[in-house]
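Structure first, then comments.
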Amino acid sequence: MKKKILLSGANGQLGKTFRALSGNYNQWEWYFLTKKDFNLKSEDSVRTTLNNIKPDIIINCGAYTAVDQAESEHQKAMLINAKSLGWIADYAEKYNTKVIHFSTDYVYHNQCNRPLLETDVCTPLSVYGKSKLEGEQLLLSIHPTSLILRTSWVYSPYGKNFFLTMQKLGEERDELKVVNDQIGSPTYTFDLAESCLNIINSHFKKGKEFPSGIYNYSNEGCCSWYDFAHAILELSGKKVHLTPVSSSEFPAKAPRPAFSLMSKKKIRSLLNQPIPHWRDSLKNCINRQSSKLIREE
Ligand SMILES: NC(=O)c1ccc[n+]([C@@H]2O[C@H](COP(=O)([O-])OP(=O)(O)OC[C@H]3O[C@@H](n4cnc5c(N)ncnc54)[C@H](OP(=O)(O)O)[C@@H]3O)[C@@H](O)[C@H]2O)c1
C-alpha cells in the first residue's frame, strides 16, 4: 500500500512547491489540502480530515503569515499558528504519524550577533513570532518526535514574497530604497522542499530513522535585504537605482530582528546533499520562472 502524505496550506508558496515536486515522488499518495478541506482554525476540520485520510506523514505548510497584520489579529494568528498544532499533535501521537512543521527565524529575536543555534534563547517580539514559537512548543510537548524546520526569508516563483515584489517594483520604478540593516539568509522553497522529500525518502526507502526536534534551514551565505534586492534585480535584468536605507525609513507594525542568520550546522549533518548558496538558488528560481516549467505548474 502506498504511504499517504497529507499536506496543509497547499495554495501557499511552499505548498505549491511540494505540489510541483510531487510528480517525482508518485510512489506516495499525496493529499494536497487547502484551508477549505483542512482548516487550521477549526478543530473539527482538522480532526475529521485526519481521521478520514489517516496519513502516514503530515507536512504542515498552512500558516498565518501576515506578519504585520498579526499585530492586530492576535487571536487568529494564535489559533492558526499555535492551537491547531495541538490537534495535529494529538492525532500524530495516537497513530505514530510523522509530522514536518515549519517555523521561523522570527522566534529567536534575541541579542545574538553570530549564527543562531537551535538551542539559543527565543524571545520573539512580534505576535507572529510568538504564535510560531507557541506552535512549536505545543507540537513537541504532545508529539516529541515531530520535525520542525525553522526557516527564513522564504521566496519562490509563487504567491507573495520579496523576490516577486522586487521584480514587480523593478518593472514599475527607476529608483528603490531597500533596508540594509537587517541581516539573514533567503530560503528558496524548492531547496527546502527537496530537503524534506529527501528526509522522507531516506526514511521510507532506506529505513533511516526519522529525525525529530528543531532544525534551522535556509540557504547558505548571508546578506541584507538590500543585497538580496540588488541580486534579484541584476539577475532579472532590471535596471533600477537602488539606495540602501535603515529600517527606520520603513516603520512596520511588527518588529523585525536585525540579525537572523541561522546556523545550518545541525541540518547539514542530517542531509546527504549540500545546501545551495542563496545566490545559486536565486539563479535557479529565475531560471525556473523563465522556463516552461513554471507555466505548466
Ligand atoms: N514566507 C516567509 O518568509 C516565511 C519565513 C519563515 C517561515 N515561514 C513559514 O514557512 C511556512 C510556509 O510559509 P509560506 O511562505 O508558504 O506561506 P504562505 O505562502 O502564506 O502560505 C500559507 C498557506 O496557509 C494557508 N492558510 C491560511 N490560513 C489557513 C487556515 N486557517 N487553514 C489552513 N491553511 C491556512 C494560506 O491560505 P490562504 O492564502 O488562502 O489564506 C496559504 O495557502 C509557514 O509555516 C511560515 O510560517 C515563512
Next on the checklist: If you filter segment 181-238 for GluC sites (Glu not before Pro), then keep DSSP loop positions with at most 16 other Cβ within 10 Å, what is left?
Outcome noted: GLU209
Checklist entry - segment 58-108 to segment 219-297: how many Å between their Cα centroids? => result 24 Å
Item to check | Reduced Cα scattering model of segment 51-168, Debye log10 I(q)/I(0), q = 0.10, 0.12 Å⁻¹ | outcome: -0.33, -0.48
Item to check | Stretchable slack from LYS208 to ASP181, in nm (0.36 nm times residue separation minus alpha-carbon distance) | outcome: 5.6 nm
Checklist outcome for this item: Taking Cα pairs closer than 8 Å and at least 6 residues apart, the relative contact order of segment 204-290 in percent is 51 percent
Checklist outcome for this item: Note: LYS239 to LYS168 extended length (0.36 nm per residue) minus current alpha-carbon separation gives 24.3 nm
Item to check | Within straight-line cross-link reach of LYS205, lysines at Cα separation under 23 Å, skipping those fewer than 8 residues along the same chain | outcome: LYS2, LYS3, LYS4, LYS54, LYS98, LYS266
Next on the checklist: Placing +1 on the Cβ of each Lys and Arg and -1 on the Cβ of each Asp and Glu in the chain, which of TRP153, ASN272, TYR226 has its Cα farthest towards the positive end of the resulting dipole?
Outcome noted: ASN272
Checklist entry - Straight-line reach from LYS239: which lysines have Cα under 16 Å away, leaving out those fewer than 8 places along the same chain? => result LYS168, LYS177
Item to check | In segment 1-105, trypsin sites (Lys or Arg not before Pro) in a DSSP loop with at most 11 other beta-carbon atoms within 10 Å | outcome: LYS2, LYS36
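Relative to 2.2 N^0.38 Å, what does the C-alpha radius of gyration of the chain come to as a ratio? Two decimals please.
After normalising by residue count via 2.2 N^0.38 Å, the value is 0.98.
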Item to check | lysines with Cα under 16 Å of LYS253, excluding same-chain neighbours fewer than 8 positions away | outcome: LYS130
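Summing -39500 (n - 2.57) over the DSSP H runs of n ≥ 4 in the chain and dividing by its residue number, what mean residue ellipticity at 222 nm do you reach, to the nearest 500 deg cm²/dmol?
-11500 deg cm²/dmol
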Item to check | Length-normalised contact order of the chain in % [C-alpha pairs under 8 Å, at least 6 apart] | outcome: 19 percent
Checklist outcome for this item: The answer for trypsin sites (Lys or Arg not before Pro) in segment 157-250 that fall in a DSSP coil and have at most 15 neighbouring Cβ atoms within 10 Å is LYS160, ARG173, LYS208, LYS239
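Where a number appears in this text, it was derived from the coordinates with a stated rule and is not lab data. Keep in mind it's a predicted model, so treat the numbers as computed, not measured. Cβ sites come from the backbone with ideal geometry, for glycine too, and all protein chains shown count toward neighbours.
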